[in-house]
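Just so you know, all these numbers are worked out from the coordinates, no wet-lab data involved. Keep in mind it's a predicted model, so treat the numbers as computed, not measured. Quick reminder, even Gly has a Cβ in these numbers, built from the backbone with ideal geometry, and neighbours come from all protein chains shown.
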Amino acid sequence: MLLLVEKQDGIAVVTLNRPEAMNALSKAMRSALYKAMTELDADPEVSVVILTGAGTRAFTAGLDLKELGSDPKAMSAANADGADENPVKAIELCTKPVIGAINGVAITGGFEVALACDVLIASENARFADTHARVGIMPGWGLSQKLSRLIGIYRAKELSLTGNFLDAQTACDWGLVNRVVPAADLLTVAKKLAADMATIPVETLTTYKRIIDGGYALSFGDAMAFENEKSTANNRLVTPEAVEARRAGIQARARTQG
């Protein structure tokens, strides 16, 4: 199977499963990812999604270059608007948190797929590279705009205009990933983080994610107004009884987490 989906305790693990091809995003895999993300977003038993790649070599190498080189129409995928063709849109349509467990290299389109996730946990084997310029194509899934906003324009230009690889620890130091863990611990750490998120009602998770993402796309002043609008609409529905019911749980977590 091109894509593996495992569900347990409110967490879904989606694995890109073409290790022999560095988990390259063929047309069939992109379609399968869209189908899986759509179904998981609608599944009431799933609160958090983890996205990873099979094996230790690659998270995903991006678009399948063999497919691009053999099909004149395949290049259109680099600028596809539809979520069934564009894996970044397939991930972004998921209203639930998506944790990227980056097990190996994330190259070009694979780098863009990683940036579509909400949180990134990197294996010590992870490396990132924007090789669009070396392939001779321009990014169409958001990398040229997202990367500079995440790590700064000078670092982004260095990566994109050289095609050089960025190791996991430097990616963490630059704020591109949340943390780096031993390869053997990658899914364990990602699942622990997902389990923490899953203790929060999924409606709250999706609302908060929507506020963060919506505001991030705006100027700071507009984002503050956006937050106020969405917060006011949400908070007027929260009762004192609901707050009190959750207070004991917050206090218990504070004690167990030191």
Taking 117-123, 3-9 and ranking on average Cβ neighbours within 10 Å, highest first, one gets 117-123, 3-9
What helix-only [θ] at 222 nm does the chain give? Using -39500 (n - 2.57) per DSSP H run of at least 4, over all residues, to the nearest 500, the answer is -14500 deg cm²/dmol
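Could you estimate the translational diffusion coefficient of the stretch 202-256 from the Stokes-Einstein equation, with Rh from the Kirkwood formula over C-alpha pairs, at 10 °C and 1.306 mPa s, in whole µm²/s?
The diffusion coefficient I find is 123 µm²/s.
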Checking rank on 24-34, 193-203, with mean other Cβ inside 10 Å and highest first, the result is 24-34, 193-203
The convex hull of the Cα atoms of the chain, divided by residue count, gives a volume in Å³ per residue of 142
Contact order relative to length for the chain, counting C-alpha pairs under 8 Å separated by 6 or more residues, stands in percent at 16
Highest mean packing first, using Cβ neighbours within 10 angstrom, the peptides 206-212, 125-131, 168-174 sort as 125-131, 168-174, 206-212
Of all DSSP beta bridges with both partners in the stretch 3-198, the antiparallel percent, nearest 5, is 30
Per the charge dipole of the stretch 202-256 (beta-carbon charges, Lys/Arg positive, Asp/Glu negative, Cα centre), the residue among 211, 232, 250 reaching farthest to the positive end is 250
Measuring from its Cα centre, the stretch 147-258 shows a charge dipole (+1 at each Lys and Arg Cβ, -1 at each Asp and Glu Cβ) which, in debye to the nearest 20, is 200
With the dipole of the stretch 3-198 defined by +1 on each Lys or Arg Cβ and -1 on each Asp or Glu Cβ, the option from 113, 58, 160 whose Cα lies farthest towards the positive pole is 160
Out of 17, 38, 48 - ranked by how far each Cα lies towards the positive end of the dipole of the stretch 1-49, with unit charges on the beta-carbon of charged residues - the top one is 17
Going residue by residue through the stretch 44-57, the Karplus relation 6.51 cos²θ - 1.76 cosθ + 1.60 with θ = phi - 60° gives ³J(HN,Hα) values, rounded to whole Hz and with x marking Gly or Pro, of x, 8, 10, 10, 9, 10, 10, 10, 8, x, 6, x, 10, 7
